[in-house]
Amino acid sequence: DGGITQSPKYLFRKEGQNVTLSCEQNLNHDAMYWYRQDPGQGLRLIYYSQIVNDFQKGDIAEGYSVSREKKESFPLTVTSAQKNPTAFYLCASSNGGSYNEQFFGPGTRLTVL
Amino acid sequence: GQQVMQIPQYQHVQEGEDFTTYCNSSTTLSNIQWYKQRPGGHPVFLIQLVKSGEVKKQKRLTFQFGEAKKNSSLHITATQTTDVGTYFCAGGRVTGGFKTIFGAGTRLFVKA
């Protein structure tokens, strides 16, 4: 059963702690993306990776970090430097070129207390 | 930077009424994609338009891409409660940087 998985679905952390969100895909897609969605807002791009061992900053990369050591995995770390980390985080992947449709995971809702 | 503007932000309709959301870019797009996100869910791809003036239909949904490839619309005929959710357009950049930019979305509420 192919798709994108994100875990956990809900995550609570104390202020000042780093937290890593998992994103795994078995679609054999080259490109992977991380988006942040705030209530009533659209999708803002945090980081993206078009190939293994390479990634680029999106529009709101400050306070976040990523790695792409394996094709199927693209974890996102929300660091203590991110001033307002409470949000819904969506991971996506796409095949081939950047214009192809993106397949989204179920998302992780992060709440920082 | 380049943005894709989407209006309206919200739309309340009575079941059976039509609904339209519009997407506008200041620069020419290579393509436009539309996604639907149900409440509490994640965006799901609906369709992609590539050609100038292209029109595509999916049952009660009609998608258009403008002649100048700077705007697009999604029209739903005779809305149903199952149409509830947020509709996003995503435009493909022609030059420079990351290739796809999402609009802020239009949230559709349907009253039975």
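The values are calculated or read from the model by the stated rules, or taken from the named source; none is laboratory data. Only a predicted model underlies this, so the values are computations on that prediction, with no experimental measurement involved. Every residue, glycine as well, gets a Cβ built from its backbone with ideal geometry; the counts of neighbours run over all protein chains shown.
Can you find, within the range A:27-47, the residue that is nearest to the other protein chains (Cβ to nearest Cβ) among those that are in contact with a Gly (Cβ under 6 Å, 6 or more places away or on another chain) and part of a strand (DSSP E or B)? Filtering first and then ranking leaves A:L45. When restricted to residues that are in contact with a Phe, Trp or Tyr (Cβ under 8 Å, 6 or more places away or on another chain) and either outside any loop (DSSP other than H, G, I, E, B) or among the hydroxyl-bearing types (S, T, Y) (or both), the range B:50-69 contains 5. Taking every residue in the range B:33-53 that is more than 13 Å from A:N100 (Cα to Cα) and pairing it with any residue that is of a type in the set (G, A, S) and not in a strand (DSSP E or B), at least 6 positions away or on another chain, the pairs with Cβ-Cβ distances below 7 Å are B:H42/A:G105; B:H42/A:G107.
If a residue must be more than 11 Å from chain A (Cβ to nearest Cβ), out of contact with any Phe, Trp or Tyr (no Cβ under 6 Å at 6 or more places or on another chain) and over 14 Å from B:D83 (Cβ atoms), how many such residues does the range B:7-16 contain? Of the residues in that region, 1 qualify. Hey, among the residues in the range B:17-46 that are surrounded by fewer than 17 Cβ atoms within 10 Å (Cβ to Cβ) and facing another protein chain (nearest Cβ under 10 Å), which one's farthest from A:F88 (Cα to Cα)? Within the range B:17-46, the match that is farthest from A:F88 (Cα to Cα) is B:S30. Here A:N53 meets each of (1) away from chain B (no Cβ under 14 Å); (2) closer than 19 Å to B:H42 by Cα with one exception, condition (2). Of the residues making up the range B:70-112, those that are surrounded by 21 or more Cβ atoms within 10 Å (Cβ to Cβ), in a loop (DSSP other than H, G, I, E, B) and either of a type in the set (F, W, Y) or within 13 Å of chain A (Cβ to nearest Cβ) (or both) are B:K99, B:G103, B:G105. Taking the stated definitions as given, is A:G2 within 11 Å of chain B (Cβ to nearest Cβ), more than 13 Å from A:L110 (Cβ to Cβ), at pLDDT below 95 and out of contact with any Cys (no Cβ under 8 Å at 6 or more places or on another chain)? When the stated conditions are applied, A:G2 does not pass them. Quickly run through the range A:92-109 and pick out the residues that are more than 9 Å from every other protein chain (Cβ to nearest Cβ) and either part of a strand (DSSP E or B) or buried (at least 17 other Cβ atoms within 10 Å of the Cβ) (or both). Of everything in the range A:92-109, those that are more than 9 Å from every other protein chain (Cβ to nearest Cβ) and either part of a strand (DSSP E or B) or buried (at least 17 other Cβ atoms within 10 Å of the Cβ) (or both) turn out to be A:S93, A:T108, A:R109.
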